[in-house]
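Asker: Sharing a structure here in structure tokens format.
Just so it is clear, none of the values below were taken in a lab; they were calculated from the coordinates. Just so it is clear, the structure is predicted and the values come from calculations on it, not from any experiment. Cβ: placed from backbone, ideal geometry, glycine included. Neighbour counts: every protein chain shown.
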Amino acid sequence: MSLSLSLRSEILKSKRTASFYLTLVAAAVIPFIFMLDATVDGVSPENRGIIFNKMFIEGFRMTGFMILPMFVVLICTLLPQIEFKNNAWKQVLTSPQEKSSVFIAKFINIHFFILLFLIANLIFMFLAAVVFHFVQPALHVLNQPLDTYSIFKNIVNTYIALLALCTIQFWLGLKFKNFIAPIAVGISLWIIGSMLVMQFNSSFAIYFPYSFHVYNAFPQYSSSVAKVEWVSAAYAIVFLFVGFLDFKTRKIKS
């Protein structure tokens, strides 16, 4: 069975889960907060002419720091749990599919949801800006210039920085039958990683994959973003290979 058929199978199985709704709800959190804050508390004078850009750039930095890492932890656990929950691993692995196709299809399917999250987040933020434009018409929010290059760069940097976390959590999601374990590991290490950078200013943090989300979220760490991205990509390659070897050699009971 080809990779395309395995991927189609994964997508069909995902439709029976709450993954789609989880993605939309998670993507809407920060846009909703920004809209509520700007509408209720107003905008400071120094931000009146740049609020459109500020919503997208600073809004996504907040998303990349808090919401997106937690979403990755959850989605990398939820999707592999389909087989564990339905006792379907034997059926999957005895079907005419190569283990490599199953593994790669599951990994690609997760990234479809991450891509959906990113697109939905942009749409929700734009809708929040539209609401704010009509609530505060004097600011002419939608008539302000938008720095699309910085917005796109911000998204790409965050995505690359989270590749390491995504790959590790994907491996853990496949490895553990109990969904609590990978979620607990992911959230705990996310907290530790955030503290290593923000509280302890540790030199080790730049090599700790659960710290990488911090560097693009706060401008004071921007000088380390490029290095973090290279390290994240290297981690992703290593753990994808390790995860595949573990998946290929491990006998999964139904």
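Asker: On full extension of the chain, what length is gained from Y21 through S4, given 0.36 nm per residue of separation minus the C-alpha to C-alpha distance?
Answerer: Additional length available on full extension: 3.7 nm.
Asker: Which of the aspartates and glutamates could a cross-linker bridge to K99, judged by Cα under 16 Å and excluding same-chain residues fewer than eight apart?
Answerer: E10, E83, D246
Asker: Quick one: 3J(HN,Hα) in Hz for the stretch 117-123, Karplus 6.51/-1.76/1.60 with θ = phi - 60°, rounded, Gly and Pro as x.
Answerer: Listing the rounded values in order: 4, 4, 5, 4, 4, 5, 5 Hz.
Asker: Karplus couplings for the stretch 53-60 from phi (6.51 cos²θ - 1.76 cosθ + 1.60, θ = phi - 60°), rounded to Hz, Gly and Pro as x?
Answerer: Computed from phi, the couplings for the stretch 53-60 are 5, 4, 4, 6, 6, 6, x, 6 Hz.
Asker: Continuing with this model, one more query. For the residues V92, V29, what sequence is obtained by ranking on other C-beta atoms within 10 Å, fewest first?
Answerer: Lowest count first: V29, V92.
Asker: So, one more: Pop a pseudo-label 7 angstrom from the Cα along the beta-carbon direction at both I33 and Y207 and give the gap in nm to one decimal.
Answerer: Modelled inter-label distance: 3.2 nm.
Asker: OK, next. Given contacts defined as C-alpha pairs under 8 Å and at least six residues apart, what's the relative contact order of the chain, whole-number percent?
Answerer: Normalised by residue count, the contact order of the chain is 29 percent.
Asker: Amide H neighbours of F179 under 5 Å, at least 5 residues apart or on other chains, H built in the peptide plane: list them.
Answerer: Under 5 Å from the amide H of F179: no residue qualifies.
Asker: Please report Y235, Y21, Y210 as a ranked list, fewest other C-beta atoms within 10 angstrom at the top and most at the bottom.
Answerer: Y21, Y235, Y210
Asker: Return I168, I187 ranked ascending by Cβ neighbour count within 10 Å, so the fewest neighbours appear first.
Answerer: Ranking I168, I187 by Cβ neighbours within 10 Å, fewest first, gives I187, I168.
Asker: Right, here's the next one. How many angstrom lie between the Cα centre of the stretch 4-52 and the Cα centre of the stretch 107-131?
Answerer: Taking the Cα centre of the stretch 107-131 as reference, the centre of the stretch 4-52 is 6 Å away.
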